[in-house]
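The values are calculated or read from the model by the stated rules, or taken from the named source; none is laboratory data. On a predicted model such as this, the values are computed, not experimentally measured, just so you know. Every residue, glycine among them, receives a Cβ derived from its backbone with ideal geometry; neighbour counts consider all protein chains shown. Accessible surface is based on the protein model in full, side chains and every heavy atom, while ligands, DNA and RNA are left aside. Shrake-Rupley method; radii C 1.70, N 1.55, O 1.52, S 1.80 Å.
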Amino acid sequence: MTDASAVPSPLLDWLFARQRFGVHPGLGRVQALLGRLGDPQDRFQSVLVGGTNGKGSTAATLAAMLQAESQRVGLFTSPHLTHFAERFQVAGEPLKTAEVEAALQQVQPHAEEVGASFFEIVTALGCLLFARVGVDAAVMEVGLGGRLDATNALSPALSVITNVALDHTEILGETHEAIAAEKAGILRAGRPAVTGVNPDLRGILDQEGADLWALDDLPLEVRSLGWEGAEVMLGLPDGALSFRTPLLGAHGARNAALAALAAHRLGVSPEAIRAGAAGTVWPGRLEVLPFAGGRVLLDGAHNPDGAAALVAALRELGVERLPVVFGAAGDKDLSGVAAALAPLAERVIITRAVLSPRAADPQALAPLFLDVPVTVAPSPADALDVLRALKAPLALVCGSLYLIGEVRPLLLGGVTERRERWQ
């Protein structure tokens, strides 16, 4: 059977071509586009989830908790791994490609009129889709920064900021303080918000006047369950809340705790929080899949903080060294990522996402991994061939989510869209 998302689509071709126009921060175009569509974002409650790392898993966990409370919930995330429609989930499932294209047909002429960028169009498309299918709430992952990100055109009932690290510094600024100020833009004065941001940056967030609760101000205990995830105990003003999450590593447990805190502030019951946390599925982020008689771990760690968290999670799981397949975008701090990963790698297979023009040349990455055997593979398929020959019981594929998006269907026997990936 042919996957519908593999069928040629002039509409999606038009949309993906707009990636080449780049990122243009600002809210005017997306506000105009939403207005032309009848302001669909006003037909459901929204939550914005921003931060440098962990915002996707936090958003997915929060959406699952709201869903467990018998709400009809939309989840908007980016980028997608394999198929564009993954960006728009309702009740835990991506919308049908045909449904997405029908809405995009309505959006296209208005987007051209206002000169909307790729991500602005995708954000408005998500709002239109969620309004059409009648969601009660939508959890919206912020794309880049916060203050001028297209998702900030919405009026959130609650905002989440996971953390602040150095990434996208050419746009957001070169210091933690500058990046924190950009991310603080998704907060709303007088409205509830939760954060996992370090206490030394909290003052920047406080300037927005939100009713902000910080995870670090509450008792938090995490008991590792190994490869099954973790048991989390979160102290709340009205009593302790315990739940289990399948998210791996201390950072995964922390993301789940932040989602639980957000859910609590939205009035979600403890029973729904527990059910949603336990049922969270978030592909490509510390995801374990079978491969060549062993297992492979997929993770989108693409900046130094993310790589450090990944290594810490594997150390916690008792992993000392393993083969690593790595590839990432050329505009990242790749030397910092390599330095974090090198102590974990018994050898490195460097490759690139073939559909991403942003991907760094594997040959250029090889010198970053000193004192570790390095193999250069021109494509993800070639990298997996090298990995298969090693017959390792456990291996890691990490870096760009575009790379993960190309590797994952190779492992699962799926089909990927053959379109360039910029955003």
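Couple of notes before you dig in:
- Segment 52-77 - residue that is outside any helix (DSSP H, G or I) and modelled with pLDDT of 95 or more and, of those, nearest to the chain's Cα centre (by Cα): 77
- Test: residue in segment 357-370 that is in contact (Cβ under 8 Å) with a residue 60 or more places away in the chain, open to solvent by 10 Å² or more (accessible area, probe 1.4 Å) and of a type in the set (Lys, Arg): yes
- Test: residue 20 is open to solvent by 10 Å² or more (accessible area, probe 1.4 Å) and either closer than 24 Å to residue 185 by Cβ or at pLDDT 95 or above (or both): no
- Count of segment 150-163 residues, restricted to those that are part of a loop (DSSP other than H, G, I, E, B) and open to solvent by less than 10 Å² (accessible area, probe 1.4 Å), is 3.
- Filtering segment 239-256 to residues that are in a strand (DSSP E or B) and either within 21 Å of residue 311 (Cα to Cα) or small (Gly, Ala, Ser) (or both) leaves 239, 240, 242, 245.
- Within segment 55-63, the presence of a residue that is open to solvent by 10 Å² or more (accessible area, probe 1.4 Å), in contact (Cβ under 8 Å) with a residue 40 or more places away in the chain and out of contact with any strand residue (DSSP E or B) (no Cβ under 7 Å at 6 or more places or on another chain) is excluded.
- Filter pass, residue 123 being assigned to a helix (DSSP H, G or I), closer than 26 Å to residue 302 by Cβ and either of a type outside the set (A, V, I, L, M, F, W, C) or open to solvent by 10 Å² or more (accessible area, probe 1.4 Å) (or both): yes
- Unique match (being in contact (Cβ under 8 Å) with a residue 40 or more places away in the chain, open to solvent by 60 Å² or more (accessible area, probe 1.4 Å), within 27 Å of residue 226 (Cα to Cα) and of a type outside the set (Phe, Trp, Tyr)) among 388, 408, 315, 352: 388
- Test for residue 225: is it closer than 21 Å to residue 191 by Cα and modelled with pLDDT of 95 or more: no
- Just one of the listed residues (309, 259, 301, 277) is modelled with pLDDT under 95, buried (at least 19 other Cβ atoms within 10 Å of the Cβ) and outside any loop (DSSP other than H, G, I, E, B), and it is 309.
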